[in-house]
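Read the structure below first, then the notes.
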Amino acid sequence: MTLQPDQNSELLNIKEAAALLKVSEASLRRWTNAGRLACMRLGAKRERRFKREDLMAFMEDRDAHQAPAPRRPSEVLLEGVAIEYGNHICTLYENDLGRLKWSVPFIQDGLRNGEGCLLIATKAVRDEVLAHIGEVWDGVPEAIEKGQLIQSDGIPDGEAMCRFVEQSVMAATRAGMRSFRLLGDMSWCLELGMSYDDLLAYEVRYNHDIARRFPLVSVCQYDVRDFSGPAVLNALKCHEDTFNYSLSRFLAS
């Protein structure tokens, strides 16, 4: 399944983007490789395409901050596995303890490192995750207050959900954050009445429109008690990056 870019968003090629920013194409390549500037990769040649609003936001941020942006790490450690930014990973668990295995250290380490973190889950799951983080780190209230930690119950429309993530990351970027983590406990989809087909369509859209566009590591965790075997298999297929690593590391009993 191939999704087309949002028809309401103008996409510029690298030559047009360089002309708009009045910089060289080499600078654009360097900034996108470093995660400073968002871009999309289209076609078999993975050619860069830029949204005009991303370029304008980058130009405003560059003008406001003349000093070079701080360097960010190139990867995130999850259970000892180094995951590169731009990866979209699927994890599976089968009990309440397993739900916390990745979610707690993933969000906790991101907050401590000054990264923007998005936690998308039912309120019960969010409260459980943040309570466990709060037992060892007292910075959660401040992270919420300053917009570093963004929470959501989810939105039962894939396009609207992707737009929410996009807007959240762009706002946090303008606030000075340079890298991001997203943790989605996917049972939120069922609580909001989303069908399996709509859930998978959302995962495909997210993978295409969001995951590789920003300096972002995305982890979607599935409770196998809530999803059928075929649904779990299809979810794994939507997260091809998972197979770049040892799959057994992402299974929690």
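Of the residues making up the range 111-131, those that are of a type in the set (Gly, Ala, Ser) and either in contact with a Leu (Cβ under 9 Å, 6 or more places away or on another chain) or at pLDDT below 95 (or both) are GLY114, GLY116, ALA121.
Within the range 156-206, the set of residues being of a type in the set (Lys, Arg) and out of contact with any Cys (no Cβ under 6 Å at 6 or more places or on another chain) comprises ARG163, ARG174, ARG178. Residues in the range 160-201 that are of a type outside the set (Ser, Thr, Tyr), touching a helix residue (DSSP H, G or I) at 6+ places or on another chain (Cβ under 7 Å), closer than 24 Å to TYR93 by Cα and surrounded by fewer than 20 Cβ atoms within 10 Å (Cβ to Cβ): ASP198, LEU200, ALA201.
Restricting attention to the range 208-236 and to residues that are in contact with a helix residue (DSSP H, G or I) (Cβ under 7 Å, 6 or more places away or on another chain), surrounded by fewer than 23 Cβ atoms within 10 Å (Cβ to Cβ) and among the β-branched types (Val, Ile, Thr), the residue that is nearest to MET40 (Cα to Cα) turns out to be ILE210.
Residues in the range 87-114 that are in a helix (DSSP H, G or I) and either closer than 14 Å to LEU77 by Cα or not assigned by TED's automatic domain parsing to the domain that holds GLN151 (or both): LYS101, TRP102, SER103, VAL104, PRO105, PHE106, ILE107, GLN108, ASP109, GLY110, LEU111, ARG112. Applying the criterion of being of a type in the set (A, V, I, L, M) and out of contact with any strand residue (DSSP E or B) (no Cβ under 9 Å at 6 or more places or on another chain) to the residues of the range 109-154, the residue that is surrounded by the most Cβ atoms within 10 Å (Cβ to Cβ) is ILE133.
The values are calculated or read from the model by the stated rules, or taken from the named source; none is laboratory data. Note that this is a predicted model, so its numbers are computed, not measured. No Cβ is skipped: glycine too gets one built from the backbone with ideal geometry, and neighbour counts run over all protein chains shown.
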